[in-house]
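The values are calculated or read from the model by the stated rules, or taken from the named source; none is laboratory data. Treat the numbers as computed from the prediction; the structure is a model and nothing was measured. Here Cβ is always computed from backbone atoms with ideal geometry, including for glycine, and neighbour counts include all displayed protein chains.
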Amino acid sequence: MPQPDFEVVQRVLGGETAAFEVLVRQYQQDIYRLTYRMTRNAEDAKDLAQETFVQAYRALGTFRGQSRFSTWLYRIAMNLCLNHLKSSAREDPAEVDGHLADPRVDSLRVLLTDERDRAVAQAIEALPPQQKATLTLRVQQGLSHQEIAEVLDCSEGTAKANYFHAVRALQRKLQRFRDAG
Amino acid sequence: MTGCDEIRDRLLSHHEDALGAEERRRVEAHLATCGECAREARLLREVLGRVQALPVPEPPAGFWEEFGAAVRERIGAEPPPRPSLWARVAAWVSGLQGLVRLRRMPALAAATALGLLLVIGLVRTQQTPRDLPPVEALVLSEDLGIAQNLELLENLDVLEEVEVLERLDLLRRLNGGRGSRLS
């Protein structure tokens, strides 16, 4: 079913390239929030969000309106984020365990005055990338399991399993709060 | 009596309102009588609430203007995007369907689709590196989706009249006002 976004895409493909800006304005904040939540670094988030739109522009001819444009865009953004996390982990093995060695890369840390929020943020950082992606898309971006499966190119069952494991891992790491009441 | 482990396995589904009515009642009945599981359910709610509420720092003033300008500048250096080869094939084939009635000329349709598939396959094979970047992979998967939708592929059983392909230009010209006579 064609969406309004699909009509904008058709205009761009028909030669009205300036119409792409409509899509950028519409989704730039959503995509930035996603890339920020995945990287927790404002500069990386900005670069990845910009790259998302550039890659979307290049690949626009392949979008056929069978999924929502936002889902298609999320897929590009998430691929970029996961690749970024992979290369960051190679450069800094400490990140694999979720212990960010360089406090400058975590601008969120300064915002979190609550100990529990800090613990939650650190627990998310320690998740395997696919689980972190699933949790982010589900809880923070509000996608359905089916949409998450489309974004991460996996089955809905896998998306649900990743979500379940991610939440379980957070609960385990935050057990001390349960014991504290 | 329902076991605590079994109930805890269902707390996330319960939180997401994804349980059936009967199971939901069973979980809630257990939570009403089991303090440990009720605490576990509270922790789950709190954790998910905090995950959802984790802030994204507000970008500085002028951020979005600069962001938009940077994207504009970068895509300005790109060639204008065009419908993918598959999308153009689909549009072209769709136009061809108006030119000839496929029921009467299945060989033309089937041979056209098969020929295009082979050509595209060759082009893709030559252009696709072993390590696909993410968007390239995305493009390929989207293209494969189109292949599944080509109704013409259902007519692959008749391939004898391949030579008709050579007359496509003639057919197109004839279609200018007299398309119906071709069917």
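Residue-by-condition table, conditions (1) among the charged types (D, E, K, R); (2) modelled with pLDDT of 90 or more:
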position	(1), (2)
A:Leu85	no, yes
A:Arg90	yes, no
A:Pro103	no, no
A:Asp114	yes, no
A:Lys173	yes, no
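Mind listing just one residue for me: the one in the range A:138-164 that is in contact (Cβ under 8 Å) with a residue 40 or more places away in the chain, part of a helix (DSSP H, G or I) and within 12 Å of chain B (Cβ to nearest Cβ) and, of those, nearest to B:Val56 (Cα to Cα)?
Checking each candidate, the answer is A:Gln140.
Quick check: anything in the range A:29-42 out of contact with any strand residue (DSSP E or B) (no Cβ under 7 Å at 6 or more places or on another chain), surrounded by fewer than 23 Cβ atoms within 10 Å (Cβ to Cβ), facing another protein chain (nearest Cβ under 7 Å) and farther than 19 Å from A:Gln140 by Cα?
No; the residues of the range A:29-42 include none that is out of contact with any strand residue (DSSP E or B) (no Cβ under 7 Å at 6 or more places or on another chain), surrounded by fewer than 23 Cβ atoms within 10 Å (Cβ to Cβ), facing another protein chain (nearest Cβ under 7 Å) and farther than 19 Å from A:Gln140 by Cα.
Against the condition modelled with pLDDT of 90 or more and part of a helix (DSSP H, G or I), how does A:Val167 come out, does it pass?
yes
When you check B:Glu16 against the structure, is it among the acidic types (Asp, Glu) and buried (at least 17 other Cβ atoms within 10 Å of the Cβ), yes or no?
No; evaluated as a whole, the condition is false for this residue.
Exactly one condition in (1) out of contact with any helix residue (DSSP H, G or I) (no Cβ under 8 Å at 6 or more places or on another chain); (2) in the same structural domain as B:Asp17 (by TED's automatic domain parsing) is false for B:Arg45; which is it?
Status for B:Arg45: all satisfied but (1).
Hey, does the range B:19-42 have a residue that's hydroxyl-bearing (Ser, Thr, Tyr) and either at pLDDT 95 or above or surrounded by fewer than 17 Cβ atoms within 10 Å (Cβ to Cβ) (or both)?
Looking for residues that are hydroxyl-bearing (Ser, Thr, Tyr) and either at pLDDT 95 or above or surrounded by fewer than 17 Cβ atoms within 10 Å (Cβ to Cβ) (or both), one finds at least one in the range B:19-42, hence yes.
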